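Everything on this sheet refers to the single structure shown next.
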Amino acid sequence: MKVFAFKEELEKYMNELNMNPKNMERSLNVGFSGGEKKKNEILQMLVLNPKLAILDETDSGLDVDAINTVSKGIDMFKNKENAVLIITHNTKILRNLKVDYVHVLVNGKIVKTGGAELAKDIEDNGYSKYLK
């Protein structure tokens, strides 16, 4: 990809994610807040377009607006040619996403699998029934 095309693609994604275009002039993640770093991870995912993206606690420490931005970026990325694995302890990020599967992991083992309804049940009732 030529530099100009890369810059145009980057600007397009930054605009769609409501990111400050001046961030392109900064060193990668130097002086960025935690939320800006998380948004940059999503931007990098969009630009690099891997077959599988594993997002570990990408929603940790984010405010509502940043969670919405991250969710929007994940939604923009996901298609039939790739996949996203989101590891989280908080179901807030899943509210805005169409999830295919939800797995509950306890002590390294999957103890329950379901769809979006499982995330909703956990949000409403917690994890306690899966810890037994």
Based on what the data block shows, is Lys12 over 19 Å from the mean Cα position of the chain (by Cα), outside any loop (DSSP other than H, G, I, E, B), loosely packed, with under 15 Cβ neighbours inside 10 Å and assigned by TED's automatic domain parsing to the domain that holds Ile74?
no
Give region 39-88 a look and list any residue that's surrounded by 12 or more Cβ atoms within 10 Å (Cβ to Cβ) and of a type in the set (Lys, Arg), or say none.
Lys39, Lys72, Lys78
Write out, first by first residue and then by second, each pair whose Cβ atoms fall under 7 Å of each other, whose residues are 6+ apart or on separate chains, and whose first residue, in region 70-86, is in contact (Cβ under 8 Å) with a residue 60 or more places away in the chain while the second is surrounded by 14 or more Cβ atoms within 10 Å (Cβ to Cβ) and of a type in the set (D, E, K, R).
Met76/Glu16
Just wondering, is there one or more residues in region 81-88 that are at pLDDT 90 or above, part of a helix (DSSP H, G or I) and not small (Gly, Ala, Ser)?
no
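Condition check ((1) within 23 Å of Ile42 (Cα to Cα); (2) modelled with pLDDT of 95 or more; (3) not assigned by TED's automatic domain parsing to the domain that holds Ile74) across all residues:
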{"position": "Ile93", "(1), (2), (3)": "yes, no, yes"}
{"position": "Lys112", "(1), (2), (3)": "no, yes, yes"}
{"position": "Ala116", "(1), (2), (3)": "yes, no, yes"}
{"position": "Ile122", "(1), (2), (3)": "no, no, yes"}
{"position": "Asn125", "(1), (2), (3)": "no, no, yes"}
{"position": "Lys129", "(1), (2), (3)": "no, no, yes"}
{"position": "Lys132", "(1), (2), (3)": "no, no, yes"}
So, in region 89-103, of the ones that are basic (Lys, Arg) and under 16 Å from Gly115 (Cβ atoms), which residue ends up surrounded by the fewest Cβ atoms within 10 Å (Cβ to Cβ)?
Lys98
Go through the residues of region 57-65 one by one and say whether even a single one is farther than 24 Å from Gly126 by Cβ, not assigned by TED's automatic domain parsing to the domain that holds Lys120 and not in a strand (DSSP E or B).
yes
Of all residues making up region 18-36, the number that are surrounded by fewer than 13 Cβ atoms within 10 Å (Cβ to Cβ) and either under 14 Å from Gly61 (Cβ atoms) or of a type in the set (Asp, Glu) (or both)
3
Working only within region 15-56, note down all residues that are touching a residue at least 40 places away in the same chain (Cβ under 8 Å) and assigned to a helix (DSSP H, G or I).
Glu16, Val47
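The values are calculated or read from the model by the stated rules, or taken from the named source; none is laboratory data. A quick note: this is a predicted structure, and the numbers were derived from the prediction, not measured. Here Cβ is always computed from backbone atoms with ideal geometry, including for glycine, and neighbour counts include all displayed protein chains.
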